[in-house]
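Here's the structure we're looking at; comments come further down.
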Amino acid sequence: MNEIIKTLLSRRSVRAYKNTQISDEKLQMILEAGRFAPSAMNLQPWHFLVIQNKAALDEFSKDVKDVMIASDFENAKKEGFNFFYNAPTVIFICGEETSSFAEMDCTMAASNMITAATLLGLQSCFIVSFKVLFKTPYHEKYAVKFGLPKGYMPMCAVVLGHAADGETLKIPHKKTEIVTLIK
């Protein structure tokens with residue numbers, strides 16, 4: 001079987017990470033894979049915001065948790081829950097707010113990054129729940145704190161790292177009756 005196909009079929013979302021940082025070389029390859037993702041009309045309406053600062057990620061996670069508890073999100077109520085699963089690297093894929101296709105295009109970039117990470121022996125998880133924070137007064141705080149370019153909004157994120165010891169890479173349940181083929 002083709003190596004890329006094997007990678008796509010073996011990839012798993014990981015929700016517990018070691019605190020060991022990923023290498024700069026692997027990070028650059030992952031970002032490059034995202035940069036080469038397809039986008040509508042090749043507009044590439046994205047900006048990649050990489051955060052490897054644990055204190056900044058923990059503060060952001062705490063604020064997201066506070067907002068999510070207020071909106072009755074069950075996971076946020078769990079003691080010690082971290083929205084980034086304590087991953088040492090988080091890439092926020094930010095899209096142009098005026099682009100009709102930014103959310104889909106940014107998701108394509110995230111998908112390329114996730115595939116590249118898997119090929120490089122890293123684990124990842126695609127997340128979007130943090131977006132609720134950007135619909136609150138916290139938006140300005142983090143736009144300034146993280147240097148978010150004007151006119152861009154985080155659309156999704158990819159957390160990256162090495163799976164924590166004991167973290168099982170479960171085979172996810174995948175639906176089988178999903179195709180209609182018309183010839």
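Computed from the coordinates by the stated procedures, all read-outs in this text should not be read as laboratory data. As the structure is a prediction and not an experimental result, all values here were calculated from the model. Heads up, the Cβs are rebuilt from the backbone with ideal geometry, glycines too, and the neighbour counts pull from every protein chain shown.
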Report summary line: Stokes-Einstein, Kirkwood over Cα pairs, region 19-66, 25 °C, 0.890 mPa s; D in µm²/s equals 186
Query raised in the report: Can you give the relative contact order of the chain as a percent, counting alpha carbon pairs under 8 Å and 6+ residues apart?
Result: 35
Query raised in the report: Roughly speaking, what is the centre-to-centre gap between region 132-152 and region 44-64 when only Cα atoms are used, to the nearest Å?
Result: 10
Query raised in the report: Over its Cα atoms, what ratio of radius of gyration to 2.2 N^0.38 Å does region 91-141 give?
Result: 1.33
Query raised in the report: Using unit Cβ charges (K, R positive; D, E negative) and no other charged atoms, how large, in debye to the nearest 20, is the dipole of the chain about its Cα centre?
Result: 380
Query raised in the report: Between Lys141, Lys131, Lys65, which gets the highest mean-square fluctuation from a Gaussian network model of the chain, Cα cutoff 10 Å?
Result: Lys141
Report task. Counting other beta carbons within 10 Å of each Cβ, put Ser99, Ser13, Ser111 in order, fewest first. Result -> Ser13, Ser111, Ser99
Report task. Sort all Cα-Cα distances of the chain into consecutive 5 angstrom bins from zero, then give the percent of pairs in each bin up to the one containing the longest distance. Result -> 1, 8, 15, 19, 20, 17, 11, 5, 2, 1, 0
Report task. Among Val158, Val14, Val67, determine the one that fluctuates most according to a GNM of the chain built with springs between C-alpha atoms less than 10 Å apart. Result -> Val67
Query - Given charges at Cβ of Lys, Arg, Asp, Glu: the chain dipole, positive-most of Gln123, Gly80, Tyr138 - result: Gln123
Report task. Using the structure shown, list the pairs from Lys65/Lys174; Lys26/Lys54; Lys78/Lys170; Lys78/Lys141; Lys26/Lys65; Lys18/Lys62 with a Cα-Cα distance above 23 Å, or answer none. Result -> Lys65/Lys174; Lys78/Lys141; Lys26/Lys65
